[in-house]
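Asks: If you scroll down you'll find the structure; I have some questions about it.
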Amino acid sequence: MADSERTGGRGAWAERYARLLESSGLDREAILTRALQPACHDHSGLFSLADCLQQPALLIEQVKSDYPHAADSRAIRAQVSVLQQNLALNVIASLTLRLFLDGQAPLPDPRHVFLAPLGRGEAATSRWFRIPGAHIANEDDFLQALGKQTSDWYPVFRQKLGVSPGAYWSSIGLGLGAPFSAVWNLAEPAAVCELAQRWLGEFSNEANQFIDWIPAVFGGQTTAIPQRKGCCLKYLLPEGGYCGTCGVYRKERLAALRHQQPNPRPGQWQPGR
């Protein structure tokens, strides 16, 4: 984190979150700092998010070039959907964590968000990253600006790139809910679910309509998990599988969770993984 992006003070939501963790005996700063460990990108981006929003074909052509399986419109749409999820989990999540840590955070300026080249052996979903230099917003401005930004991006991802409303908004919701995902099996579940849902409702977008924070039982331990109402289509990729938050077959998945044996370790589960 560059010195220009270091911030101080807390807003009302950062305070509410701090009280939530304190009530469970948790160290807020330690948890958020650990969750903020950044991915290292020592290379230049292929193009910026701003470029992508202006010329969506750039992302489609890059997907065709990078992923041999993306040979038809269905496979391309699935890969783009997963990359949009990565944008939410890599960029929006990190900024939301920073907001809850400092009470202020940079905004995701599309000119400072880039798609990284696909490295050898790199996971298909680890692509978007942000460089420092964006405007620092207080809590109120963050809520207003990020709600508007994600709403402004939506028509491009929906109409030009084919990402479904449920996929787009549930991924945005996962990114915005990152501070609560960081304590999914550590803090009191009912309180986490209630506060996380209220937090999503603060944004002037549709994320709150496509995420349900609900309690789930893992080996006898009740935890708090965000469940999508839309699918990111990850299961269509060659590696297959469902995300840990997938709403597909949700009832069956939650029933299966109740029969798993070991309690999850702190930080073991991650949204969208």
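The values are calculated or read from the model by the stated rules, or taken from the named source; none is laboratory data. Everything numeric here is computed off the predicted structure, so don't read it as measured data. A quick note on method: Cβ atoms are made from the backbone with ideal geometry, for glycine too, and the neighbour counts reach across all protein chains shown. Calculation scope for accessible area: heavy atoms of the full protein, side chains included, ligands and nucleic acids excluded. Shrake-Rupley method; radii C 1.70, N 1.55, O 1.52, S 1.80 Å.
Asks: Averaging sequence separations of C-alpha pairs under 8 Å and six or more residues apart, then dividing by the length of the stretch 16-257, give the relative contact order as a whole percent.
Replies: About 21 percent, as a whole number.
Asks: Can you tell me how much longer the chain between ALA71 and GLU188 gets when fully stretched, taken as 0.36 nm per residue apart minus their C-alpha distance, in nm with one decimal?
Replies: Net length gain for the segment: 37.5 nm.
Asks: Using the Cα centre of the stretch 16-257 as origin and beta-carbon charges of +1 (Lys, Arg) and -1 (Asp, Glu), tell me which of GLY219, LEU195, CYS231 is placed farthest towards the positive end of the dipole.
Replies: Most positive-ward Cα: CYS231.
Asks: Compute, for the stretch 16-257, the length of the dipole vector about the Cα centre, with Cβ point charges of +1 (Lys, Arg) and -1 (Asp, Glu) only. Units Debye, rounded to 20.
Replies: 600
Asks: Quick one: which residues, 5 or more positions from PHE47 or on another chain, have an amide H under 5 Å from its amide H? H modelled 1.01 Å from N in the peptide plane, none for Pro or chain starts.
Replies: LEU115
Asks: Pop out the ³J(HN,Hα) list for the stretch 106-117 in order, Karplus 6.51 cos²θ - 1.76 cosθ + 1.60 with θ = phi - 60°, rounded to Hz; leave Gly and Pro as x.
Replies: With the stated coefficients, the stretch 106-117 comes to x, 8, x, 4, x, 6, 10, 10, 10, 8, 7, x Hz.
Asks: Hey, another quick one. Would you tell me the accessible area of ARG34, worked out with a 1.4 angstrom probe on the heavy atoms of the protein chains, in Å² to the nearest 10?
Replies: 140
Asks: Within a Cβ distance under 12 Å of ILE92, other residues only, what is the Lys/Arg minus Asp/Glu net charge?
Replies: In short, +2.
Asks: Here's another thing I want to ask about it. Any idea how far apart ALA145 and ALA50 come out in nm if each label point goes 7 Å out from Cα toward Cβ?
Replies: Placing both labels 7 Å along Cα→Cβ, they lie 1.4 nm apart.
Asks: Return the FRET efficiency for the residue pair SER204, ARG19: r is the Cβ-Cβ distance, R0 is 30 Å, and the value is rounded to the nearest 0.05.
Replies: 0.75
Asks: Let me ask another. Which peptide among 103-112, 88-97 comes first, and what is the full order, when sorted by highest mean count of other Cβ atoms within 10 Å?
Replies: Put in order of decreasing packing, that is 88-97, 103-112.
Asks: Using the Cβ atoms and a cut-off under 10 Å, what net charge is assigned to the surroundings of ALA224, where Lys and Arg are +1 and Asp and Glu are -1?
Replies: -2
Asks: A further question on this structure: I'd like the FRET efficiency for ALA12 and ARG111, computed as 1/(1 + (r/R0)^6) with the beta carbon distance as r and R0 of 25 Å, rounded to 0.05.
Replies: Plugging the Cβ-Cβ distance into 1/(1 + (r/R0)^6) gives 0.25.
Asks: Restricting attention to the alpha-carbon atoms of the stretch 47-170, what are Rg (one decimal) and Dmax (integer), both in Å?
Replies: Over the stretch 47-170's Cα set, Rg and Dmax evaluate to 14.6, 45 Å.
Asks: Right, here's the next one. Just to be sure I understand: if I project the alpha-carbon convex hull of the stretch 16-257 onto a plane and average over all orientations, what area do I get in nm²?
Replies: Projected over every direction and averaged, the Cα hull of the stretch 16-257 covers 12.7 nm².
Asks: In nm, what is the difference between 0.36 nm times the number of residues separating LYS64 and THR222 and their Cα-Cα distance?
Replies: 52.7 nm
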